[in-house]
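Below is one structure, written out as structure tokens; the observations come after it.
Every number here is computed from the coordinates shown, using simple stated rules; none is lab data. Since this is a predicted model, take the numbers as computed values, not measurements. Here the Cβ is made from the backbone with ideal geometry for all residues, glycine too, and neighbour counts use every protein chain on show.
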Amino acid sequence: MSAPALEARGLVRRFGGLIATDNVSFSVEPGARQALIGPNGAGKTTLINLLTGVVRPSAGSVFLEGEDVTALSPSRRVRRGLSRTFQINQLFPDLSPAESLGLAISERNGSGGDFWRVAGGKANIVAEVEELLGRFGLEDAMDQPTRTLAYGKQRLLEIALGLASRPRVLLLDEPAAGVPEEERRDILAALAALPAEVAILLIEHDMDLVFNFAKRISVLVAGRLLCEGEPAAIAADERVRAVYLGEDARG
Amino acid sequence: MSAPARSENSVRLAAHLRRRARWRWPEILFWLAILAAIFAVPSRAALINEILIAGLFALSLDLILGLTGVVSLGHAAFFGLGAYAAAILSSEGIADPTLGLVVSSLIAAALGLATAPLLLRGADLTRLMVTMGIALMLGELANRNSWLTGGADGLNIAMAPVLGMFPIGFTGQRNAALYSFVVLFLLFALARRLARSPFGLSLLAIRENRLRAGALGVSTSRRIIAIYALAAGYAGAAGALLAQTTQIVSLDLFDFHRSADVLLMLIIGGAGYLYGGIIGAAIFIVLRDVISSATPEYWEFWIGALLVVLVLVGRERFGERARQLLDRLKRPAAWEEAA
């Protein structure tokens, strides 16, 4: 019970001579609201890919609720409770939101390979799809092809799909990226309403969003973890300021 | 979670999710029309039989290309293998068509299962080359092993009557068409059921966005291997039907043009909704029949022209135009109200 929801121990990833991730260790507690920030090129994307299993680490390991998942494929990790959203929408253009969510739910409960039952025939799955559609305000668009949805709605569907896997840890990769001002409030409200028991790791550029949402912030610079702490402490940290103002980081 | 309230929304949602599961009238009419054609024009039973077999072959390609988005230019490998398996079984004394059909399509499915892992990596171009290469290899194997396959001479075979009652072949053209019809319908119904299942939905998801499908926990590799093996079995069944009903097999079954033609048929009829292969096969074969009796050398010109028009103008656009027209006929003032 005391194990962190997600933990990285000594993660290293080299691409040829480049060290994209340099001995990163950190953890996300159950139910945490944590943010991972860092300037462009800090290695955030590589770190997400290491955590989710898209990229294998050169050294180090990843633990999910105390269990070593370093050797597991991305889809196995999803079934173990680690799910993610994408900075650039990764949706199913010709499927409707309802179908996409139904798919995610059947995969989670292990009936995704069922080739005999009619999709949408199980009342509990339909009820859960409905609950998720309601939570993210997608009822009106539920039966439209996803490609016809407004961009803000598509961003909401990104998060809804991540949550449909019923994760213990949800990685949100810049959930508000590119969302026009008038639709931002919906995203912020959806983030605020995420279930408290799900640990959230938010990867974000937008400092307003980070400081509104996160209770704990980890700062990644040049592949290394620069510091970690509460928002107030991070905001006051000279090194972080230096990095973000583009000054000498040793200042 | 409490028991779902049957609100308007949940009724709409359940109806939406299951919308394609029920057999609708146009579909039932479609199958009845084929059956009627077999009885109405027995003189063309051989042509109808050819269409049904090509339709099954194209349906098989639709399972991987239309549903799952996996391209192939070597689908004839499974077609030819099924045909040769059926022929060899028959020459080894297993003359019962249904048994031969089942065994042949299982053999083709086994080859599909064995070669599917080659399709998991790389892009579409890689898959086109790999599938083509496998078909070439199989064709050459059939050529070299003439002790088994008859080599360039092919094999002539004799089949027992279907179910011991209905002779097929040259003197039983209508029975042959009916036999192909029943096999096509049963396999179609299975494919249809599968396409509407959670498994089928996950195939669509792989087609639409394989990265995200994996991120939702779909084991994309396993699903692709499974559907590829099934499609290979379907193609093998089509080949076996051809061998059994024409009672001859030859090396051209593995030819590149077979793989290309079946792709053409599927594209002409439309990929992804399962009927496209059968419709495309009918258009392709009837056009070939009609045009080649008028200008025997130039029928491919018109098939080519049709293909160019379809691809450039886009069937979707045709379809959308037609839908808009229908909508306007139903609600003449709808677009004015919206303005």
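If you wrap the tightest convex hull around every Cα atom of region B:99-153 and split its volume per residue, you get 95 Å³.
With N as its number of residues, region B:150-232 has a Cα radius of gyration that, divided by 2.2 N^0.38 Å, comes to 1.66. Partner shielding of A:108-117 amounts to 6, given as the average count of beta-carbon atoms from other chains within 10 Å of each residue beta-carbon.
Placing +1 on the Cβ of every Lys and Arg and -1 on the Cβ of every Asp and Glu, with nothing else charged, gives region B:1-144 a dipole about its Cα centre of roughly 720 debye.
Annotation for region B:96-154: trypsin sites (Lys or Arg not before Pro) lying in DSSP loop with at most 11 further Cβ atoms inside 10 Å of their Cβ are B:R121. Over all other residues within a Cβ to Cβ distance under 14 Å of B:G304, the charged ones net out to -2, with Lys and Arg as +1 and Asp and Glu as -1. Going by neighbour counts of Cβ atoms within 10 Å, the residues B:Y298, B:Y228 line up, fewest first, as B:Y298, B:Y228. Shown here: region A:57-169, whose C-alpha atoms stretch 46, 34, 22 Å along the first, second and third principal axes, sorted largest to smallest. Taking 10 °C and 1.306 mPa s as conditions, region A:9-84 diffuses translationally at an estimated 123 µm²/s according to Stokes-Einstein applied to its Kirkwood radius (Cα pairs). The residues B:D153, A:D173, when put in order of fewest to most other Cβ atoms within 10 Å, stand as B:D153, A:D173. Of the residues A:S83, A:A189, A:G137, the one whose Cα sits farthest towards the positive end of the charge dipole of chain A is A:S83 (charges of +1 on Lys and Arg Cβ, -1 on Asp and Glu Cβ, taken about the Cα centre). Summing +1 for each Lys or Arg and -1 for each Asp or Glu among the other residues whose beta-carbon sits under 15 angstrom from that of B:L35 gives +1. In this structure, the amide hydrogen of A:F86, modeled 1.01 Å from its nitrogen in the peptide plane, lies closer than 5 angstrom to those of A:D173, counting only residues at least 5 positions away or on a different chain.
In plain terms, the residue of B:V290, A:V54 with the fewest other Cβ atoms within 10 Å comes first and the most crowded comes last, giving B:V290, A:V54. For B:V162, the residues whose modelled amide H falls within less than 5 Å of its own, excluding neighbours fewer than 5 places apart on the same chain, are B:I168. Volume of the convex hull of chain B (Cα atoms only), normalised per residue: 194 Å³. By DSSP, the beta bridges lying fully in the protein assembly as shown are antiparallel in about 60 percent of cases. Diffusion of region A:146-219 by Stokes-Einstein, at 10 °C in a medium of 1.306 mPa s and with Rh set to the Kirkwood radius over alpha-carbon pairs, works out to 124 µm²/s.
Between A:T21 and A:R13, the built amide H atoms are under 5 Å apart, and every one of these is 5 or more places off in sequence or on another chain.
Remark: region A:228-237, residue by residue, has Karplus-estimated 3J(HN,Hα) of 9, x, 6, x, 4, 5, 5, 4, 8, 5 Hz, where x stands for each Gly or Pro and the curve is 6.51 cos²θ - 1.76 cosθ + 1.60 at θ = phi - 60°.
Using θ = phi - 60° in the Karplus curve 6.51 cos²θ - 1.76 cosθ + 1.60, the 3J(HN,Hα) couplings for region A:209-218 round to 4, 4, 6, 6, 9, 7, 9, 8, 10, 10 Hz; x is entered for Gly and Pro. Shape annotation for region B:70-169: C-alpha extents along the principal axes are 49, 27, 19 Å, from largest to smallest. Of the chymotrypsin sites (Phe, Trp or Tyr not before Pro) found in region B:157-222, those in coil by DSSP whose Cβ has at most 16 other Cβ atoms within 10 Å are B:F170.
Coupling constants for region A:92-99 follow from the phi torsions by the Karplus curve (6.51 cos²θ - 1.76 cosθ + 1.60, θ = phi - 60°), and in residue order they are 10, x, 9, 8, 7, x, 4, 5 Hz; glycine and proline get x.
Here's the list of aspartates and glutamates a cross-link from A:K44 could span, going by alpha-carbon distance under 18 Å and ignoring same-chain residues fewer than 8 apart: A:E7, A:D22, A:D173, A:E174, A:E204, A:D206, A:E228. Restriction of the trypsin sites (Lys or Arg not before Pro) in region B:20-58 to DSSP coil positions whose beta-carbon has at most 13 other beta-carbons within 10 angstrom yields B:R22, B:R24.
Farthest towards the positive end of the charge dipole of region B:155-225, among the residues B:L187, B:A205, B:I168, is the Cα of B:A205, using unit charges on the Cβ of Lys, Arg, Asp and Glu.
For the protein assembly as shown, the extents of the C-alpha atoms along the principal axes are 92, 64, 46 Å, listed from largest to smallest. The mean number of partner chain beta-carbon atoms within 10 angstrom of a residue's beta-carbon across peptide A:74-84 is 3. Of the two radii for chain A, the radius of gyration is 0.98 times the Kirkwood radius, both from the alpha carbons; that is the Rg over Rh value.
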